[in-house]
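K.L.:
Before we start, here is the structure in question, set down as structure tokens.
Just so it is clear, none of the values below were taken in a lab; they were calculated from the coordinates. Note that the structure is predicted; figures quoted are calculated from it, not measured. All Cβ positions, even for glycine, are placed from backbone atoms using ideal geometry, and neighbour counts span all protein chains on display.
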Amino acid sequence: MCYVYIVACADGSLYTGWTKDLQKRICAHNAGSASRYTRSRLPVALKYFEELPTKSQALKRESALKKLSRKEKLELCEM
């Protein structure tokens, strides 16, 4: 299984990514070792995730989520 996710950063920004191990990835973000973007915006909090069967599908969904507006992402996180 693969996951796409949205985290909220301490500065209020949103970050979208994908992973095969969601819990490990969130821990890595908060340790400052997952991405350059979130490293300077710690801590992060998981706001949304989806489980997908393949890496290919996860990458396609991540791309689609990244194209959403901030408002649309926030609405998705509230569902």
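K.L.:
Taking the Cα centre of the chain as the origin, how large is its charge dipole in debye, to the nearest 20, when only Lys and Arg (+1) and Asp and Glu (-1) carry charge on their Cβ atoms?
P.N.:
Taking the Cα centre of the chain as origin, the dipole is about 320 debye.
K.L.:
Still on this structure: With a bin width of 10 angstrom, please list the P(r) values of the stretch 2-78 as percents of all Cα-Cα pairs, from the 0 bin to the one holding the largest distance.
P.N.:
Per 10 Å bin, starting at 0, the Cα pair percentages come out as 21, 54, 25, 0.
K.L.:
Taking neighbour Cβ counts within 10 Å as the exposure measure, how do Ser33, Ser13 sort from fewest upward?
P.N.:
Neighbour counts put them in this order, fewest first: Ser33, Ser13.
K.L.:
Can you list the trypsin sites (Lys or Arg not before Pro) in the chain that are in a DSSP coil and have 12 or fewer other beta carbons within 10 angstrom?
P.N.:
Passing sites in the chain are Lys20, Lys67.
K.L.:
Show the residues, 5+ positions off or on another chain, whose built amide H is closer than 5 Å to the amide H of Ser35.
P.N.:
none
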